[in-house]
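Report on the structure given below.
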Amino acid sequence: MRLSPIILAALTALAQPPEHDRRNTYIPDTKTEFPPPAFKSREAWETRAAQLRKQILSAAGLMPMPESHPLNPQVFGRIEKKDYSIEKVALESMPGYYLGGNLYRPSGSGRRPAVLSPHGHWTYGRLENSPNNSIPTRCINLARQGYVVFAYDMVGYNDTAQTPHSFGGKREQLWSFGPLGLQLWNSIRALDFLESLPDVDRERISMTGASGGGTQTFLLTAIDERVKVSAPVNMISAHMQGGSPCENAPGLRVGTSNVELGALMAPRPLLMVSATGDWTKNTPRVEFPAIQAIYALYDKAANVETVQYDFEHNYNQKSREAVYSFFGKRVLGKDEEIAEKSASIEKLQDMLVWHGRALPSNAVGYDQLFAQWVAASQRQAETTTDRQTLRERLAYAIGTEFVLPVQAFGSGDRLVLSRPGRGDRVPVRRAGPASRVIHLVVHPEGSDAALQTPQAQKFIQAGEQVLAIDAFQTGAAVEPRDRSGGYFLTFNRSDDANRVQDILTAISYLVLQSPQRIHLHGTGRAAIWCLFAAAVSEYPVALEADMAGFSGTDQEFIDQFFVPGIQRAGGLKAARRVLAN
């Protein structure tokens, strides 16, 4: 796509460059109030939805999906009641890593609908039994109504304690190994288990959870269409995105919020349960209409419903009864209110998988589990031969986009580049006469330093054009950036990731000049930025980048090019394979 100089001039005249780079002035976090999303067409939404699903998978470390090893389910300790039963379950969701839970089954025979039941951040996890939230009561009632129900642990709770609930540092972030991804993987494997049961109708699987369990519900339903009906309770909010490590991972909500992520359930039936006493207080007038508008693009506005109650944060009896009734209508075909019946709650020790029992002999510790994750990631990257697949993984990890047209402001040898609608600001200096060959030179200290390099001077003296940029937080682009907000990297890209984007923005601008060839030159640490920019660029460039011994170790990435997920995406080897002739 190339625009004429007249059109480019017209675009430039329509606006002025941003005074400050929006990446330094708008820094969202878990409590930012996000505007409701709006889409004019189903096609526009589905394009966005496809991007969001990949963004979730990349942030969770599930792009590509890990290998699905045998679950080796252990189902035992049956407690038989008059109209339902309860069993203990242990699943080997990864080799040597065990997920615990309880299976609630209705009495009788035949294939039944099923419900996947994650819990939230209550003290007793899947065994919480309080007026505010009783997961056993919910599961027993659903079993009595005819569902097979699997209640399973979040990481670090109850039987699933081979990692804590909160873990990970910069090295883990390089490999996208964290509570959110591990928990989402456990949810996928829990669903694998549930649909494998001979008494489960795999075409009628639903899911519900509250708070952190609500987050798990809308994240799993976003990426896995095997869940046909869902009810995330007291979680989808435009102004609170979740305050736990299991709800936040680097890159997850860059440019988005839980409202869009929750809408990925469309057009499958969705119930949004909210409370006046927590962050879902605005649901009937803000979040619900926004999501319903997306359902309307499918002519399925009636498939999303909402109820709200005057309570604090909860999954109490009233909320549970709303879910029973919604599932009854959407799954069982019973258009009636379903009241909760009292339930006898078992002792904790009778429900725990490992109470009085040792973990299997092959059980791994935290360090072993992380090492296993790294080794599996390396195998997947090394066995991927398609360059476009490798490019896509790197692009999602870095969070880049190749945008045409790019807005250019100014004239002469000084410009400011900005992507339409992004508010970013990339100062540029040009030197040398216009030519068919253009050299883009990037220096870690900015454009002034870039133009003084022997490389740039040689190109100018040879009568070739040189473009030098102040990549993010370098040279004239240095500005204050508050990185202290909660889960900063969940909502904002790292400085190094933004630098790669700025190089791509400059390449996009140069493409519009119709050059015969773009040469990209990186000096010092900027060589690393340029290498990854060239790898993810949709326009081929000739790269010259002296990596100065950078070999792609974890510590080198932490020290010189910190981009969460970059190692999980294949790291330096993947970038070089993309660029190989």
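The values are calculated or read from the model by the stated rules, or taken from the named source; none is laboratory data. The shown structure was predicted, so the numbers you read here are calculated from the model rather than taken from an experiment. Cβ sites come from the backbone with ideal geometry, for glycine too, and all protein chains shown count toward neighbours.
Looking only at residues in the stretch 74-93 that are β-branched (V, I, T) and surrounded by 19 or more Cβ atoms within 10 Å (Cβ to Cβ), the one that is farthest from D153 (Cα to Cα) is I86. On the stretch given as the stretch 393-414, residues that are surrounded by 17 or more Cβ atoms within 10 Å (Cβ to Cβ) and free of Cβ contacts under 8 Å to residues at least 40 places away in the same chain total 0.
Yes/no per residue for (1) modelled with pLDDT of 95 or more; (2) in a loop (DSSP other than H, G, I, E, B); (3) farther than 30 Å from Q51 by Cβ; (4) touching a helix residue (DSSP H, G or I) at 6+ places or on another chain (Cβ under 9 Å):
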| site | (1), (2), (3), (4) |
| --- | --- |
| A339 | yes, yes, yes, yes |
| S342 | yes, yes, yes, yes |
| W354 | yes, yes, yes, no |
| P360 | yes, yes, yes, no |
| R393 | yes, no, no, yes |
| T400 | yes, yes, no, yes |
| L404 | no, yes, no, yes |
| G421 | no, yes, no, no |
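Figure legend. Inter-residue proximity from the stretch 31-53: first residues on the phi < 0 side of the Ramachandran plot, second residues in a helix (DSSP H, G or I) and among the aromatic types (F, W, Y), beta-carbon distance below 6 Å, spacing 6+ or different chains. Indicated pairs: F39/W45. Residue selection: R171 satisfies the criterion of being assigned by TED's automatic domain parsing to the domain that holds N303, over 26 Å from N133 (Cα atoms) and in a helix (DSSP H, G or I). Between I503, I558, I566, the distinction of being surrounded by fewer than 24 Cβ atoms within 10 Å (Cβ to Cβ) and in the same structural domain as T474 (by TED's automatic domain parsing) belongs to I558 only. Of the residues contained in the stretch 217-224, none is found to be of a type in the set (D, E, K, R) and more than 15 Å from the chain's Cα centre (by Cα).
Here the stretch 263-321 is the region considered, the condition is being farther than 23 Å from K228 by Cβ and aromatic (F, W, Y), and the residue that is surrounded by the most Cβ atoms within 10 Å (Cβ to Cβ) is W279. If the condition is being closer than 20 Å to A449 by Cα, of a type in the set (A, V, I, L, M, F, W, C) and buried (at least 24 other Cβ atoms within 10 Å of the Cβ), then the stretch 478-500 contributes only V500. Take the stretch 37-67 and flag every residue that is part of a loop (DSSP other than H, G, I, E, B) and in contact with an Asp or Glu (Cβ under 7 Å, 6 or more places away or on another chain). Once the filter is applied, which keeps residues that are part of a loop (DSSP other than H, G, I, E, B) and in contact with an Asp or Glu (Cβ under 7 Å, 6 or more places away or on another chain), the stretch 37-67 yields only P37. With respect to (1) in contact with a helix residue (DSSP H, G or I) (Cβ under 8 Å, 6 or more places away or on another chain); (2) in a strand (DSSP E or B), the lone exception for Q162 is condition (2).
For the stretch 181-198, the count of residues that are surrounded by 24 or more Cβ atoms within 10 Å (Cβ to Cβ) and assigned to a loop (DSSP other than H, G, I, E, B) is zero.
Note on the stretch 247-329: enclosed helices (runs of 4 or more DSSP H) holding 1 or more residues that are of a type in the set (A, V, I, L, M, F, W, C), out of contact with any strand residue (DSSP E or B) (no Cβ under 8 Å at 6 or more places or on another chain) and assigned by TED's automatic domain parsing to the domain that holds Q216 are 258-263, 287-296. Could you tell me which residue of the stretch 206-232 is surrounded by the fewest Cβ atoms within 10 Å (Cβ to Cβ), considering only residues that are assigned to a strand (DSSP E or B) and of a type in the set (S, T, Y)? Of everything passing the filter in the stretch 206-232, S206 is surrounded by the fewest Cβ atoms within 10 Å (Cβ to Cβ). A468 passes every criterion in (1) touching a residue at least 60 places away in the same chain (Cβ under 8 Å); (2) over 20 Å from E19 (Cβ atoms); (3) touching a helix residue (DSSP H, G or I) at 6+ places or on another chain (Cβ under 8 Å) apart from (1). Close contacts from the stretch 358-382, counting a first residue that is within 22 Å of Q74 (Cα to Cα) and a second that is in a helix (DSSP H, G or I), with Cβ to Cβ under 9 Å and a gap of 6+ residues or different chains, come to V364/A371; V364/Q372; L369/L182.
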